[in-house]
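S.K.: Here's a structure for you.
The values are calculated or read from the model by the stated rules, or taken from the named source; none is laboratory data. Note that the structure is predicted; figures quoted are calculated from it, not measured. Note: ideal-geometry Cβ built from the backbone for every residue, glycine included; neighbour counts use all protein chains shown. All accessible areas refer to the heavy atoms of the entire protein, side chains included, with ligands and DNA or RNA removed. Shrake-Rupley method; radii C 1.70, N 1.55, O 1.52, S 1.80 Å.
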Amino acid sequence: MVLQFVYSAVSAVLPPKYWPHALVSANVLLVIYAYAQGRPTTRERDLHARVILLTGPFTPLGLVTLTALARRGAHIIALSPYPLSHPVPALILSLLRSTTKNENIFAEHCDLDSPTSIRKFCTSFLTGNETRLDALVFAHEYPSIGRIWFFGGQARRDKEEREERQRESASLASFLLATLLLPALLVAPVERDIRIVHVVNPFYAAALPAFPSFLNSKPSSKPETRPLIIAEGLRALRTAVLSRHLQRILDSLPNRAADPKTKPTEPPAPHPSNIISVSACPGISRKDTVAPLLGANERAWSLPYLVLFLPLMLVTKSSESALQTLLHVLFLPTPLKRAQAKVNAAADEEKKAEAERAASKPAEEQEAEPRRTGNVEVLKPGALYRECAIVQIDVPRPPEPAPEENKKGKGRAETTLEDDGEYGGEAVGRAVWEWYEARLKEWEARDAER
């Protein structure tokens, strides 16, 4: 009786002759949704006793990151833009401690819009008793800045300039935090793998045509207003290039004990650093990428976002799906750890073969076959990851300097970094690094005047 009633009700809404069409449409929508959610990570890692510093912890991506790291036992230091007495950090962190059964979740107040606040936090951290850091995750740069549904003349220009200053402040905050906390990372044991992860938005490819003009501009020039998507993409591409250049600098630093066979006058041989700097792009997230562009946030709603909500659920990622690439770069073994695992496996196999030969009657009858280690994906230093895979970007290079400029620079002692050609090579990385240094001075000067 119930089945007859259900059949009659469904048939009244959708006649049986249209059921095959509905089934095909449902399968197509399911495939589109599964494809839009992206590739999940296949890696896992125990994060107990690992200290991870996380920025942007109360954004949608930051909250799922906090939960995922806490469930794996990580010791988390969340940099809160709110005072510690504010209900947001007080309630959320206490709830996470109880649900994940992890008491090692702490918050520290640090306003990333103020270099003074950043320096105060770094000074307090570096002068404390516990200065261990296993990972820096800069997730505050991922949410979109700006709204496309805005019209007006001078008001729109003022809005674009204000948003460009916000983008610069977010990028400079990551640069300042990384450089100030770098001494604590460099004194860590070389056997410990340390990761610096920059989380970037998915619009980096849109900024490739405009990147040469950015490289040709002077670092201290006035910020140029660009279309919203290009401005967001330039911020992401700039961060990816900075992350690659930071890896070049880390690899050029001496991070091993000097070889006794080398002469005292000879420089130490370079070794790959145990500190890995990478960029991670979670893709197009519904809450972090699209919602801010349509004017929806935690404080206000947007009519365009409400109208497009159902299509956006189909073609954009949830925060949990966007998290997969970030977890992938945190879980992948580093080249140093992978090399150590191969050495340990070879040593264990050799001991096992010796024990078998000693226990066997004639030693010639049995031949110990060495265990072969399969190909395992390792984290590539300085790379940009998206959908749990490495992304190759052909970043245009700046023009060669004039001969007069080369003659002027001959008297200065400069450290030569290896030019691997990735993401524009060493020249592009150096230009972006100098841009950050010049902008940082102006940012601190403006902050001191307030």
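S.K.: Taking the full set of protein chains and a 1.4 angstrom probe, give the accessible area of T334 in square angstrom, rounded to the nearest 10.
M.R.: Result for T334: roughly 0 Å² accessible.
S.K.: From largest accessible area down, sort E224, E141; use a 1.4 Å probe on the protein chains.
M.R.: Values: E224 100, E141 5 Å².
These residues rank, largest area first, as E224, E141.
S.K.: Per the Kirkwood formula on distinct C-alpha pairs, the Rh of segment 83-160 is how many angstrom? Present the calculation step by step, with values, prior to reporting the outcome.
M.R.: Details: mean 1/r = 0.0616 Å⁻¹.
In segment 83-160 this quantity evaluates to 16.2 Å.
S.K.: Enumerate the calculated ³J(HN,Hα) couplings along segment 134-146 in order (Karplus 6.51 cos²θ - 1.76 cosθ + 1.60, θ = phi - 60°), each rounded to whole Hz, writing x wherever the residue is Gly or Pro.
M.R.: Using θ = phi - 60°, the values come out as 9, 7, 10, 10, 9, 8, 6, 7, 6, x, 5, 10, x Hz.
S.K.: Let me ask something else about it. Quick one: ranking L95, L310, L215, L133 by accessible area, 1.4 Å probe, largest first, what do you get?
M.R.: Largest to smallest exposure gives the sequence L310, L95, L215, L133.
S.K.: At a probe radius of 1.4 Å, what is the per-residue accessible area of R386, in Å² to the nearest 10?
M.R.: 60
S.K.: With the full set of protein chains in place, find how many percent of the accessible area of segment 39-125 is carbon and sulfur; take the probe as 1.4 Å.
M.R.: Reported share for carbon and sulfur atoms: 57 percent.
S.K.: Assuming 0.36 nm per residue, please report the length gained on full extension of the stretch H21 to L314 beyond their Cα-Cα distance.
M.R.: 103.6 nm
S.K.: Given a 1.4 Å probe and every protein chain left where it sits, what share in percent of the accessible area of segment 144-251 is carbon and sulfur? Walk me through the intermediate numbers first.
M.R.: On the way: 2490 of 4210 Å².
The value for segment 144-251 is 59 percent carbon and sulfur by accessible area.
S.K.: For segment 72-180, with only Lys/Arg (+1) and Asp/Glu (-1) charged at the beta-carbon, what is the dipole magnitude about the Cα centre, in debye rounded to 20?
M.R.: 180
S.K.: When only the heavy atoms of the protein chains count and the probe is 1.4 Å, how do T123, T41 rank by accessible area, highest first?
M.R.: Order by accessible area, largest first: T123, T41.
S.K.: H109 to L14: FRET efficiency via 1/(1 + (r/R0)^6), r the Cβ-Cβ distance, R0 60 Å, to the nearest 0.05?
M.R.: The pair H109/L14 has a calculated efficiency of 0.60.
S.K.: A further question on this structure: Using modelled backbone amide H atoms (1.01 Å from N, in-plane), which distant-in-sequence or interchain residues come within less than 5 Å of R195's amide H?
M.R.: Result for R195 returns A135, L136, I276.
S.K.: If you don't mind, there's one more thing I want to ask. Each residue of segment 120-126 in turn: what ³J(HN,Hα) in whole Hz from Karplus with 6.51, -1.76, 1.60 and θ = phi - 60°, glycine and Pro shown as x?
M.R.: 5, 5, 5, 5, 5, 6, 6
S.K.: Label L186 and L306 with points 7 Å out from Cα along Cα→Cβ: what is the distance between them in nm?
M.R.: Spacing of the two 7 Å Cα→Cβ label points: 5.5 nm.
S.K.: Let me ask something additional. Please report the accessible area of Y18 (heavy atoms, 1.4 Å probe, ligands and nucleic acids excluded) in Å², nearest 10.
M.R.: Near enough 100 Å² of accessible area.
S.K.: Please give the peptides 231-239, 45-53 ranked by average Cβ packing (other Cβ atoms within 10 Å per residue), highest first, as a rough proxy for protection. Walk me through the numbers on the way to the answer.
M.R.: Numbers: 231-239: 24.4, 45-53: 16.9.
Top to bottom by mean Cβ count within 10 Å: 231-239, 45-53.
S.K.: Please compute the per residue accessible area over segment 26-139 with all protein chains in place, 1.4 Å probe, rounded to a whole number of Å². Intermediate values should be presented prior to the final figure.
M.R.: Numbers: 5820 Å² over 114 residues.
Roughly 51 Å² per residue, with all protein chains present.
S.K.: Once amide H atoms are built 1.01 Å from N in the peptide plane, which residues 5 or more positions from V200, or in another chain, come under 5 Å H to H?
M.R.: Under 5 Å from the amide H of V200: A280, C281.
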